[in-house]
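First up is the structure itself, then whatever we jot down about it.
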Amino acid sequence: MGQPLVDRFSRVHHDLRVSLTDRCSLRCTYCMPEQGNEWLAKQSILTVDEIVEVATVAAAAGVTTFRLTGGEPLLRTDIVEVVERLARLTSPAGPVEVAMTTNGIRLPELLPALIGAGLGRVNISLDTLDRERFHKLTRRDRLDDVIRGIEAARDSGLRPLKINAVAMRGINDDELVDLVAFAIANEAEMRFIEQMPLDAGHTWNREQMVTRDEILTALGRRWELEPIPGRGGAPAERWRVGDTGSVVGVIASVTAPFCGACDRLRLTADGQLRNCLFSVDEYDLLPVLRSDVSPDERVASVDRVLRNCVANKRAGHAIDDPGFLQPARGMNAIGG
Ligand code: SAM
């Protein structure tokens, strides 16, 4: 125990994405079905104690960032406690960082308490600035609430503040420049994500996807983009945006995969460890966390499962392989 989490390809894991729920206040078409979603059973959802137990073992093994996600993490009624207890953990490299990916809707009411609890960073998802489009895309008329969330984050001073958009053909690909301008006006970094085959309806197709190169071409018509070197294990490639003093990022998981530098693991809300967004295998922590053994034995077992998950990580996500199978869970149940 305590040794770093190194896989067969010498990748050292520092980042654990923790999904807190599969529920969400929006129903983005590329992520969740409108109806008929099979929700995770309530009794299978990890408690705060269980999340902290896993996170403590992960931190001891060198995980330094916990990113809370979902579903919508702010729907957890105990979200402030989750942040507060995770933020107290330390890894051999020092204190850990707690970050969050959210749709922002509950940020105005929760942000002061979250920052007080130790939240270090926030990414907010926003795909369009047009109210009707937003309604159609998320199946909820809540654009104003998301914008209020972004403004609350801006005014809180939490930095870096990032806004994430999935770029989609015929849906928001005419808004890429406007989204960057909106982010700049709100002191945020805009990041575009290539759409991935993770929708619950399994409707993804490559032609529909707006590629990294297309995004750069569209932005390049408006600004000079200067590449920023030193990406490390980060999913986004980044560019300086002309003389705006701002930065834009592109997460090109499909056309320019960054698996070779991946340092991420995932914990689903129902206690399954995953070594890749696209993996079809999961490593079940629930029976371990709920077994009637001594705390020491439980810690040892969690550590074993964690290492087994890391040891079996594949070289890449293999979206392009003819045998690629889309994971059974949608993004909301894996944790984006
Ligand atoms: N509810 C939170 C939010 O809205 O950010 C956190 C969960 S959401 C699943 C996390 C991120 O995953 C969002 O930025 C969302 O746009 C992205 N996402 C969901 N499905 C995706 C897909 N099929 N391809 C690319 N990104 C996706």
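The values are calculated or read from the model by the stated rules, or taken from the named source; none is laboratory data. Just so you know, these numbers come straight off a predicted model, no measurement behind them. Neighbour counts run over all protein chains shown; Cβ positions are idealised from the backbone, glycine included. With ligands, DNA and RNA removed, areas are computed over all heavy atoms of the protein, side chains included. Shrake-Rupley method; radii C 1.70, N 1.55, O 1.52, S 1.80 Å.
Things to note:
- In the range 28-69, of all residues being at pLDDT 95 or above and among the charged types (D, E, K, R), the one that is nearest to residue 194 (Cα to Cα) corresponds to 67.
- Applying the set (1) farther than 23 Å from residue 68 by Cβ; (2) touching a residue at least 40 places away in the same chain (Cβ under 8 Å); (3) surrounded by 19 or more Cβ atoms within 10 Å (Cβ to Cβ) to residue 271 leaves exactly one unmet item: (1).
- Residue within the range 145-158 that is within 12 Å of the ligand (Cβ to nearest atom) and closer than 26 Å to residue 276 by Cα present: no
- Filter result for residue 234 (under 17 Å from the mean Cα position of the chain (by Cα) and under 21 Å from residue 165 (Cα atoms)): yes
- Counting only strands (runs of 3 or more DSSP E) that fall entirely inside the range 214-325 and contain at least 3 residues that are modelled with pLDDT of 95 or more, aliphatic (A, V, I, L, M) and closer than 30 Å to residue 185 by Cα, the qualifying elements are 246-251.
- Selection count where residues are more than 16 Å from the ligand (Cβ to nearest atom), of a type in the set (Gly, Ala, Ser) and under 19 Å from the mean Cα position of the chain (by Cα), scope the range 38-76: 3
- Flag if residue 22 is crowded, with 18+ Cβ neighbours inside 10 Å, within 16 Å of the ligand (Cβ to nearest atom), over 15 Å from residue 70 (Cα atoms) and not basic (Lys, Arg): no
- Pairs linking a residue in the range 14-39 that is more than 22 Å from residue 106 (Cβ to Cβ) and of a type in the set (D, E, K, R) to a residue that is within 11 Å of the ligand (Cβ to nearest atom) and modelled with pLDDT of 95 or more, with Cβ atoms under 7 Å and 6 or more positions apart or on different chains, are 15/67.
- Within the range 306-335, residues that are more than 28 Å from residue 73 (Cα to Cα) reach partners that are modelled with pLDDT of 85 or more and open to solvent by 10 Å² or more (accessible area, probe 1.4 Å) with beta carbons closer than 6 Å, at six or more positions or on different chains, in the pairs 315/9.
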